[in-house]
Structure formats: structure tokens, C-alpha cells
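A short reminder: the numbers here are calculations on the coordinates, not readings from a lab. Worth saying up front: this structure is predicted, and the values here are computed from it rather than measured. Glycine gets a Cβ as well: all are built from the backbone with ideal geometry, and neighbour counts include every protein chain shown.
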Ligand code: HEM
Ligand code: HEM
């Protein structure tokens, strides 16, 4: 966030020696994950279109986007390379930056100091939010809340609505706070990265970039909240059993096919 981040450290420790390079990598992974987040929140905002059930199948935009993503080749590799590894590195090094006490108090103007402090507070909030968000959607908590928290790509809309409405504190506390913290950290981080990479040096370019980042904040916060409100307003679809929910899936009445494979008759 500051020009001081550009100065390589002269310390002897492993972290200090590679401080400059690690700082750049921290910035780059923040930009990468931030770009993913903009796309992610934009796709989530299509939840406002609702479900469009035709013959028991959801033909809505959200389901279509999820189908496209889940149809990508090498999806696991893409996810790890462009989403999970960057945010894991960014988080671990972010924790190091935060606890190593590189606070800027007194070095900058009043507003910049507050933004710097909020960047760290939101980082900690996002860390807990992401753990909850990703682990529950991936089904790590299995049958907790009758499995209502996990995501089912075949019933994308309904399982997302079910997740958001699984308990009042999920839609009323976790998501509004998680989305607000993420939108702030993303926009303020993008602003800071302009300085880190030497792209916004003059005061004029910094204030112009601040305007763009303000719009990024409003756009991402608005998209996240629109998705959340759509999730809350559509809670009534959970009573409709014509489309199976993610969890207590009213599995279609298909009788189990038991194949008995007899060994080939042995020629005596
Ligand atoms: C929504 C997820 C996140 C996004 C989009 C994101 C993005 C960014 C960006 C773009 C920066 C600016 C880097 C620079 O100064 O060039 C940044 C800074 C920072 N991030 Fe994140 N980040 C996220 C989550 C986290 C998490 C979970 C942590 C955990 C500790 C974290 C810790 C930090 C810290 C401490 C800074 C300030 C670095 C400094 O002032 O030099 N971030 N982030
Ligand atoms: C109301 C807001 C949000 C909604 C409705 C939402 C919805 C979802 C859904 C449905 C998935 C599963 C997607 C899939 O497996 O195909 C998902 C995954 C994910 N979300 Fe969110 N999300 C929201 C906010 C956020 C925020 C603020 C962040 C970042 C801080 C975030 C980060 C992630 C990540 C990292 C994944 C895992 C991606 C993967 O498995 O490839 N989400 N989200």
C-alpha cells in the first residue's frame, strides 16, 4: 500500500531477504483473486433472475453459468492454479504482514491510515468468511444442518438458496459482513496495488484511480448484496419439491438396478 513496500529489506531472515519479491507476489495474488471475485460476484448477481423451470430442469442464467464453469476441461487444475493457491499464499503472507506489525500509523494522512487499518481488519474477516463459505459449499461439513450447506452444481440455484437460508445468521450476519469486507478489501487493495507497481505516481493519477476503485467497491458490493437479497426472497422455492434441493434430495423414484454378473461358465 505504500512506497515503502518497494524497498527490498536488508534483514537476514528468510522472509526478510526475499521480502521484496514476496511483497510483489502478495500483490499479484491479491490482484488475481480480486479479478476472480469480480467475475464470481457478477455471476452470482444473476441469481436475481430467479429459477426458470422447464420440465423439472432449471433453464435460468445462474444454472447456465455454473454449467459452463463445471464443463471446463481441467477444472480442478484451473481452480487450484488460479483460485486456491493464489488466495492461500496471499492469506498466509498477509497474516505474516499483519502480525509482523508493519503498521503505518503516523506515516500517512489521516484517511490513508484508516484505510490501511481497515485493509487488515477486513483481511481477518475475509479469512474466516472464506473458510466457512468454501468448506460448507464443498460439503466438508457433510450432514450438518441436514446437508443444506453444501452446493450441488446440478441444482445450482436451489442449493445456493438453501445454503443462504439454512439459518438466519447465515444470511443476516455472515454474508452481509463477508461481502462488505471483501468489496472493501478488493477495492482498497486495487487502489494500493497501483502504487505498489508504480502505475499511479502523481497525485492526479492516484485520485483518478481512487475514483475507479470507488466504483469497483460499489459494483462488487452491489452485486454481492443483490445475490444475497435474491437468495432471501426466493426462500419459498425450498418448499417446492418438483426440483430436488441439494440436500435432502427427493431422489427421483428410480429403482436401483442391481446387476448380477455371473462368471462365465468354465469349460470342464
Ligand atoms: C477477497 C479476497 C482478497 C482479495 C481480493 C485481496 C486483494 C488484495 C490486494 C489487491 C491487495 C493490495 C496489494 C498491494 O498492496 O499491492 C491486498 C492487500 C492485503 N491483503 Fe488481501 N486480498 C484478499 C484476502 C486477503 C486475506 C484473506 C488476507 C489475510 C490475512 C489478506 C491480507 C492482506 C494484507 C495484510 C494486505 C496489505 C498489504 C500491504 O499493505 O502491503 N488479504 N489484498
Ligand atoms: C452473496 C455472495 C456469494 C454467493 C451467493 C456465492 C456463491 C458461491 C457458490 C454457489 C459457490 C460454489 C460454486 C461452484 O462450486 O461452482 C461459490 C464458491 C466460491 N466462492 Fe462464493 N459466493 C458469494 C460470495 C463470495 C465472496 C465474497 C468470496 C470471496 C471472498 C467468494 C469466494 C468463493 C470461492 C473462493 C469459491 C470456490 C471456488 C471454486 O470452487 O472454484 N464468494 N460461491
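Some points to look at:
- Across every pair of non-identical alpha carbons in the range 31-86, the mean reciprocal distance, once inverted, gives a Kirkwood radius of 12.6 Å.
- Potential lengthening of the chain between residue 65 and residue 145 amounts to 26.1 nm, from the contour at 0.36 nm per residue minus the alpha-carbon distance.
- Translational diffusion of the range 23-123 was estimated from the Stokes-Einstein equation, with Rh taken as the Kirkwood radius over Cα pairs; at 10 °C and 1.306 mPa s the coefficient is 96 µm²/s.
- Across the range 3-239, the volume of the C-alpha convex hull divided among the residues equals 144 Å³ per residue.
- Cβ-derived FRET efficiency at R0 22 Å, residue 120 paired with residue 18, nearest 0.05: 0.55
- Residue 28-residue 167 pseudo-label distance in nm [points 7 Å out on the Cα-to-Cβ vector]: 4.0 nm
- For residue 180 and residue 55, the FRET efficiency from 1/(1 + (r/R0)^6), where r spans their Cβ atoms and R0 equals 51 Å, is about 0.85.
- Here the calculated FRET efficiency for residue 206 and residue 132, from their Cβ-Cβ distance with R0 = 25 Å, stands at 0.10, rounded to the nearest 0.05.
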